[in-house]
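The values are calculated or read from the model by the stated rules, or taken from the named source; none is laboratory data. The structure displayed is predicted, hence computed values, not measured ones. A quick note on method: Cβ atoms are made from the backbone with ideal geometry, for glycine too, and the neighbour counts reach across all protein chains shown.
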Amino acid sequence: MNLKQIKVRYFLMYFVAFLVAFMSSVLIYVAASRNLEKDAIERFDMQSELGISDVENLINRMNYVDDIIKQNESFRQVARVKGKVKNEDVLYLGNVRTLMSELKITSDLTYMFALFEENDAYISSSQCSEKFAGYYGNLLQMESQDLKMEDSEGVRSQLFQAVREGNFFLPLDRISYSTNTTTHHLEKAILYLMEGKSPGGGKYLLGFVIDSHELMNMLNGSERYDDIRLTIVERKSDAVLVDYRNSDNKEIKQYYTYKDESNSMGWNIEIGVSLKSIRNGMRIAYNLLWIYLILGMAIVMILTVVFSRRGCKGLNTILTEFPHEEDRTAEEGNRRNDIRIFSRLWRFMRENEYGMVAGLVKGQREKSNEWKHQLEEMKKQNSMILLEHLITVGTGHEEGRKILQQYFGEVPEYFCVVIVRAFGRGADDSENLFFDFLQLINQNLSNAFVHVHSGDTDELFLIALDPFQESNVSKIKVCFDKCIALMADEMEGNFHVGISAIGVDADNIYRCYEQARQVVQSLYIKENINMVCTFTFDNTAVYENLVNLDYLNRFNDNLLCGKQKEAMEAVDKLQEALLKRPFLFEFQKEQIYYSVRNVFFNILLHFDKVDNVNEILPAFSNDMSGESIIQAFRQAVIKICNDISSRRKKSNEELRVKIICYLEENYGDPALSAYQVSREMNVSEKYLSALLKEESGESFSGYLLGLRIKYAAQYLEQTDYSNEKIAEITGFGAANSFYRNFNKKMGMSPKVYRELKVNGGKYETLNP
């Protein structure tokens, strides 16, 4: 067999082998073509079933929204309002609107609003109004053939009446509503209504507007057919909620229809798709199958040529190498040639086998290297997790210092924490934004730093600082300002950056993190604006704050309790700091002034006198001296403590009169106790006894006993009641208890007292 014959043999052998393998694909093609239409219909049924399930889940989520909203205290407050909504109740409307917007369980498919039966309030997921009459027709308008909706009162009465008649789903011909700055116009929508009663009283109506077009998309799933129609009929009222089709082609006669009558919504749903659309979808699949067959045949030919040439190339190598060892007779040489041919063929086959083993060994070696790489990545991730824990929670463990030393070479003495929160178009966008942002930080920040990813949208930076080169973090702020400005020019995305004050001691890193986190949280309302803010960059790293959080908390508590002495002691500490370190006080005076001013502002909030803060403290000026600032603080403490003292005296006097009146009315109750009276007056027993002690010099029991003796003496003087009767109506209960206490208090028995006062027994009846 010469080389040409071997080539033909190899070609035929590989061709037959690949052709046999390819025939299985042909069988698959035949089976697929027969079941293609069946599969398309089954897929349509499954998508319709899943879509109906999604709609049921949507309705269930709407019911869940009702459960959440009616438990909200602000919503209860609005529901309880009768008639006109007062100005002080408008805040509750805003709270409920915020709650509706934060639920976000219905995506863009619905518009949610609430109406109330006893007032004219209106609340939606984006807006609210205390006058629905003025809101309807301008920002909201509905039209329906079955209902009259020309004015707000008609809408309210029609909707409440429809729900009471059991019509929870109403078809709308069109609806227009506004969300923020966008006005929406919907044709053929469904209005889902839920009536309820707030636990605090007041009936309300919760409505959800469902767009029939979006409803069709939900029911249709990911498939898009040329002609599809949707009919929804409410079983209870036979009302047609939706009669929708996405094509106006009237020539299509044959439809495949999926029907559902067992859903929990009480709907009869029919989803129809034309057979022509199904076949159009099948045509694409047929084309793909034909392409698959053609490509498969081409691959068979290519593989046949490649493998046959490969095999022949190996044989050709053996045959071309054989003549170099020819040194014997032709006959012996021919015999040896045959032997060497088979020997080399065998070696070729064996080498291929060993080549496979060698490939496996090589693969294991590559896997081993991959595992080592994964192990290194895991160690790195573990280190990053520990670093994130160190920043966000804090730890005094030596392991934390080792991590810092690993990244910085040595534990940084001074540092700050930066939190970067990105707002992109999605999770992938946030990752891309962070990657590009990190590249810019590496290019523009000269300080040593390390960063970790935290949560879904946060990137934490721990930056080492040198306090002798920069006394604040303004340079860090400038760097991040520059970076977010560059990012804003390149792509759509926003950043909120919070920078902490300079921290000292690695055990306190988490304090800087809390400072930066507070700054980022304060920027939530500016989601669409790039912002870089610092907790404070007025303080040096080598000096402590003269006014820290503990100082402000104690100062606030003492002022709130009216403790003038303790509050003055806090001001005295600032006086001492001014005398000892006047340069530091001057450096921090603006921060000190506004920090203390915020405490006074907080106290005035408790008294609803926020507008008086300028009367308590003047506006800050850089020309103000330290002495004038401290003197202003002293005067403010005196004013507030005097105000609190006068308020307390007035309140105590009113409470004292209320307690005495209560005892005058209820002294005849034998079970009357300090506990009962304190519960009625909403004060503690100790405070109750102190007020009575201040009024009469006696304890509660002594005052009550004196009151009962007083009225018992009047009954002895003015009536002929027996001791048992007087003991009963004055709260002594038993006659012996009355006799004993009266004798002890008056120095004589009730009988002797009556004889002395009455003089002969002439009585006047006194009603008990």
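The residue that is farthest from Ala570 (Cα to Cα), among those in segment 645-676 that are among the aliphatic types (A, V, I, L, M) and touching a helix residue (DSSP H, G or I) at 6+ places or on another chain (Cβ under 8 Å), is Leu672.
Matching residues to (1) modelled with pLDDT under 80; (2) in contact with an Asp or Glu (Cβ under 8 Å, 6 or more places away or on another chain):
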site	(1), (2)
Glu470	yes, no
Asp489	yes, no
Ile525	yes, no
Asn528	yes, no
Ala541	yes, no
Leu546	yes, no
Asp550	yes, no
Asn558	no, yes
Lys573	no, no
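Restricting Leu433, Leu438, Leu462 to residues that are surrounded by 15 or more Cβ atoms within 10 Å (Cβ to Cβ), in contact with a strand residue (DSSP E or B) (Cβ under 9 Å, 6 or more places away or on another chain), modelled with pLDDT of 75 or more and assigned to a helix (DSSP H, G or I) narrows the list to Leu438. In segment 581-603, the residues that are farther than 27 Å from Cys561 by Cα reach residues that are crowded, with 17+ Cβ neighbours inside 10 Å and not polar (S, T, N, Q) with C-beta atoms within less than 7 angstrom, at least six apart or across chains, in these pairs: Pro582/Gly626; Leu584/Leu546; Phe585/Leu546; Phe585/Ala577; Phe585/Leu578; Phe585/Gly626; Glu586/Gly626; Gln588/Leu546.
For the condition surrounded by 15 or more Cβ atoms within 10 Å (Cβ to Cβ), under 23 Å from Ile391 (Cβ atoms), hydroxyl-bearing (Ser, Thr, Tyr) and modelled with pLDDT under 85, Ser446 does not qualify. The one condition from (1) among the acidic types (Asp, Glu); (2) farther than 25 Å from Leu560 by Cβ; (3) surrounded by 12 or more Cβ atoms within 10 Å (Cβ to Cβ) that Glu685 does not meet is (2). I'm trying to understand the selection: among the residues of segment 254-280, which are exposed (fewer than 13 other Cβ atoms within 10 Å of the Cβ) and outside any strand (DSSP E or B)? The answer is Gln254, Glu261, Ser262, Ser264. Contact map, segment 65-76: residues that are closer than 16 Å to Gly207 by Cβ and without any contact (Cβ under 8 Å) to a residue 12 or more places away in the chain paired with residues that are among the aliphatic types (A, V, I, L, M) and in a helix (DSSP H, G or I), Cβ distance under 6 Å, separation 6+ or inter-chain. No pairs are found. Within segment 83-101, the residues that satisfy the criterion of being part of a helix (DSSP H, G or I) and among the small types (Gly, Ala, Ser) are Gly94, Ser101. Checking the conditions here, which among Tyr715, Tyr721, Tyr687 is hydroxyl-bearing (Ser, Thr, Tyr), in a loop (DSSP other than H, G, I, E, B) and in contact with a helix residue (DSSP H, G or I) (Cβ under 8 Å, 6 or more places away or on another chain)? Criteria check complete, one pass: Tyr721. Residues that are surrounded by 12 or more Cβ atoms within 10 Å (Cβ to Cβ) and either modelled with pLDDT under 80 or not assigned by TED's automatic domain parsing to the domain that holds Ala636 (or both) within segment 583-594 comprise Leu584, Phe585, Glu586, Phe587, Gln588, Lys589, Glu590, Gln591, Tyr594, listed in sequence order. Just one of the listed residues (Ile190, Ile210) is touching a Pro at 6+ places or on another chain (Cβ under 7 Å), part of a strand (DSSP E or B) and modelled with pLDDT of 85 or more, namely Ile190. In the set (1) surrounded by fewer than 15 Cβ atoms within 10 Å (Cβ to Cβ); (2) in contact with a Phe, Trp or Tyr (Cβ under 8 Å, 6 or more places away or on another chain), Lys84 fails one condition alone, (2).
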